[in-house]
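Student: I'd like to ask you about the structure that follows.
Computed from the coordinates by the stated procedures, all read-outs in this text should not be read as laboratory data. Small disclaimer: the values here were computed from a predicted structure and weren't measured. Every residue, glycine among them, receives a Cβ derived from its backbone with ideal geometry; neighbour counts consider all protein chains shown.
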Amino acid sequence: MLSSRHYDIVIIGGGLAGLTCALNLSKGGKRIALLEKYPYPRHKVCGEYVSNEILPYLRSLGTDPFAIGAVPIDQFRMTSPGSQAIQTRLPLGGFGISRFRLDNYLYELLQSRIDFFFGTINSIEKEDTRYLIRSSGGLIWETELLIGAYGKRSNLDKELKRNFIGQHSPWLGVKGHYLFDHPSNRVDLHHFKGGYCGISKVEEGIVNACYLVNYSVFKAFGSTDHFQNEIMGQNEELKRFLDEAKPVFDKPMTIAQISFQAKEPVVKGIPMIGDSAGLIHPLCGNGMAMAIHSSKILADLVHEGLAGTDLHRAYGVSWKRAFGNRLRAGRYLQRLLLNPQTNQLAIKLARKIPGLVPAVVRKTHGEVIVA
Ligand SMILES: Cc1cc2nc3c(=O)[nH]c(=O)nc-3n(C[C@H](O)[C@H](O)[C@H](O)COP(=O)(O)OP(=O)(O)OC[C@H]3O[C@@H](n4cnc5c(N)ncnc54)[C@H](O)[C@@H]3O)c2cc1C
């Protein structure tokens with residue numbers, strides 16, 4: 001006898017991957033539960049620049065980021081201490097919207113279509129073809145199709161004994177919202193020793209600044225203020241931002257142990273979407289588009305009627321085809337731009353060859369995705 005918490009599909013994690021997957025799958029008339037740790041709305045450490053590659057697809061799901069205040073972005077500016085800036089038009093462009101607003105918008109659209117439960121999931125067991133999923137509060141769900149959308153690092157990675165989770169990752173992410181005079185159609189990438197900072201506008205004239213830094217450089221400073229003044233301030237454009245921008249948050253948000261290790265898109269029969277399957281380096285600015293795209297790939301295969309090992313095989317192949325090359329390109333790009341010598345060389349080259357930056361952006365982005 002099935003328990004009252006049996007669902008056709010259970011999704012763990014309600015970020016962009018989980019929410020858009022639920023939106024797509026809810027069209028199939030299946031009973032869906034989405035299990036998310038924290039209630040909406042809430043802020044997340046993220047650059048909040050979304051590539052346009054998923055805009056037509058988002059619209060096909062009945063959503064419109066511009067209806068909730070997204071700002072269009074088509075210009076890109078890159079700076080480094082001691083180099084002249086590069087500015088160029090982005091081949092595809094994108095838009096700026098806070099995760100606070102975007103995730104909550106998708107949640108509100110879904111509320112009448114699927115069941116949400118808030119709390120931490122801490123155990124997953126498989127019995128024949130069925131998964132038993134338990135929350136820390138003792139609730140249990142059962143399903144034949146469990147989808148992992150729980151982000152880049154979670155207690156569940158330990159539970160599932162994934163390889164990357166035992167390895168130390170030196171990356172620290174810091175994000176805040178500010179009042180600052182920044183062009184609304186431009187995303188900036190400012191480099192500094194050990195990391196880079198993305199600056200762009202989100203809704204209502206707010207500026208989002210989010211940086212990624214290697215802990216080996218950060219640790220000597222002990223606090224974000226000290227680090228920002230001493231290291232980030234060596235970049236003149238960042239210095240102006242740090243001197244003039246007025247923080248909206250009481251203090252910046254931080255996350256540690258951000259891992260860019262290769263992961264598997266299917267683990268113990270659980271298809272992984274979004275960052276649970278793999279995280280691209282944030283300087284590529286398309287982790288969110290990849291999260292949404294991977295959720296579409298999986299939802300389409302489920303609509304086709306694939307299940308069990310057929311679904312796992314087809315999803316694994318499609319995921320690698322869609323994202324394998326760009327994850328690799330992202331890793332090379334990060335290595336190139338984080339080394340001060342190759343960074344300066346890259347900026348010099350990009351100033352001489354105007355088509356270079358758009359060509360590199362294309363390598364780390366996909367084609368526009370339609371329904
Ligand atoms: C510093 C930084 C800057 C970035 N900047 C950009 C950018 O400008 N543009 C871009 O496109 N991408 C950017 N990214 C990447 C982007 O943020 C991610 O790719 C995107 O958030 C992935 O969405 P997701 O749904 O997979 O994961 P998330 O949005 O992380 O969602 C996962 C959800 O799972 C929940 N969860 C986790 N564990 C459990 C559990 N045990 N039980 C229940 N729920 C659980 C979490 O609470 C969370 O809500 C950046 C990333 C970083 C680190």
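Student: Can you sort K296, K158, K268, K251 from fewest to most other Cβ atoms within 10 Å of each residue's own Cβ?
Tutor: Fewest-to-most ranking of K296, K158, K268, K251: K251, K158, K268, K296.
Student: Which ³J(HN,Hα) values in Hz, rounded to whole numbers, follow from the phi angles of segment 42-55 under the Karplus curve 6.51 cos²θ - 1.76 cosθ + 1.60, where θ = phi - 60° and Gly and Pro get x?
Tutor: 7, 7, 9, 6, 6, x, 6, 9, 10, 5, 5, 4, 10, 4
Student: How many angstrom separate the Cα center of segment 241-270 from the Cα center of segment 45-116?
Tutor: 16
Student: Treat every Asp and Glu Cβ in segment 155-265 as -1 and every Lys and Arg Cβ as +1, leave all other atoms uncharged, and give the resulting dipole magnitude about the Cα centre to the nearest 20 debye. The partial results should precede the final answer.
Tutor: Details: 13 positive and 14 negative charges, 91 e Å.
About 440 debye.
Student: Further question on the same structure: Any chance you could run the full-extension gain for F116 through S136? It's 0.36 nm times the residue separation minus the Cα-Cα distance, nm to one decimal.
Tutor: That pair, F116 and S136, stretches by 5.6 nm at full extension.
Student: Separate question: So, in nm, how far is label N163 from label Q75 when the simple model puts each one 7 Å beyond its Cα toward the Cβ?
Tutor: Each label point lies 7 Å from its Cα, and together they span 4.5 nm.
Student: Could you calculate the FRET efficiency of L179 with K239 from 1/(1 + (r/R0)^6), where r is the beta carbon distance between them and R0 is 22 Å, rounded to 0.05?
Tutor: That gives a FRET efficiency of 0.80.
Student: Which of Y215, Y196, Y332 has the fewest other C-beta atoms within 10 Å, and how do the rest follow up to the most?
Tutor: Ordered by Cβ neighbours within 10 Å, fewest first: Y332, Y215, Y196.
Student: Loop by DSSP (not H, G, I, E, B), at most 14 other beta-carbon atoms within 10 Å: where is the longest site-free stretch of the chain for GluC sites (Glu not before Pro)?
Tutor: Maximal segment without exposed cleavage sites: 1-303.
Student: Here is a follow-up. Let me see the P(r) profile for segment 219-371: every Cα-Cα distance counted, bins of 5 Å, each bin given as a percent of all pairs.
Tutor: With 5 Å bins starting at 0, P(r) equals 2, 8, 13, 15, 15, 14, 13, 9, 6, 4, 2, 0.
Student: How do L16, L238, L349 rank when sorted from fewest to most other Cβ atoms within 10 Å of their own Cβ?
Tutor: Working: L16 29, L238 24, L349 12.
Ascending number of Cβ neighbours within 10 Å: L349, L238, L16.
Student: Here is a further query. Evaluate the relative contact order of segment 254-371 (contact order divided by residue number), counting alpha-carbon pairs under 8 angstrom at least 6 apart; express in whole percent.
Tutor: Reported as a whole number, the value is 24 percent.
Student: Gain in length, R89 to H303, computed as 0.36 nm per residue apart minus the alpha-carbon separation, to one decimal in nm? Mind dumping the intermediate values first?
Tutor: Details: separation 214, 0.36 × 214 = 77.04 nm, distance 3.75 nm.
Working it through step by step, the gained length comes to 73.3 nm.
Student: Which whole-number percent gives the relative contact order of segment 276-336, counting Cα pairs below 8 Å spaced six or more residues apart?
Tutor: 50
Student: Could you name the lysines whose alpha carbon sits less than 17 Å from that of K126, not counting residues in the same chain fewer than 8 places away?
Tutor: K158, K161, K268
Student: Additional query: Normalised by the empirical 2.2 N^0.38 Å for globular proteins, what value does the Cα Rg of the chain take?
Tutor: Rg over 2.2 N^0.38 Å, computed on Cα atoms: 0.99.
Student: Another question, then. Among the lysines in segment 271-369, how many pairs, 8 or more places apart or on different chains, have alpha carbons under 20 Å apart?
Tutor: Value for segment 271-369: 4.
Student: Could you please report the charge total around S135, scoring K, R as +1 and D, E as -1 over all other residues with beta-carbon less than 15 angstrom from its beta-carbon?
Tutor: -2
Student: Specify, per residue and in Å³, the volume enclosed by the convex hull of the alpha carbon atoms belonging to segment 18-176. Don't skip to the answer; put the middle values down first.
Tutor: Working: hull volume 26.2 nm³, N = 159.
Taking the convex hull of the Cα positions in segment 18-176, it is 165 Å³ per residue.
Student: Which lysines have a Cα less than 18 Å from the Cα of K219, not counting those fewer than 8 places away in the same chain?
Tutor: Leaving aside lysines fewer than 8 places away in the same chain, those within reach of K219 are K175, K193.
Student: Another question, if that's okay. Would you please give the residues with an amide H less than 5 Å from that of Y196, counting only those at least 5 places away or on a separate chain, with H modeled from the backbone geometry?
Tutor: L212
Student: Sticking with this one: Along segment 323-335, what does the Karplus equation 6.51 cos²θ - 1.76 cosθ + 1.60 (θ = phi - 60°) give for ³J(HN,Hα), rounded to whole Hz, x for Gly and Pro?
Tutor: Calculated HN-Hα couplings, in order: 10, x, 5, 6, 5, 5, 4, x, 5, 5, 5, 4, 5 Hz.
Student: Please give the net charge around P340, taking every other residue with its beta carbon less than 14 angstrom from that of P340, where Lys and Arg add +1 and Asp and Glu add -1.
Tutor: Local net charge: +3.
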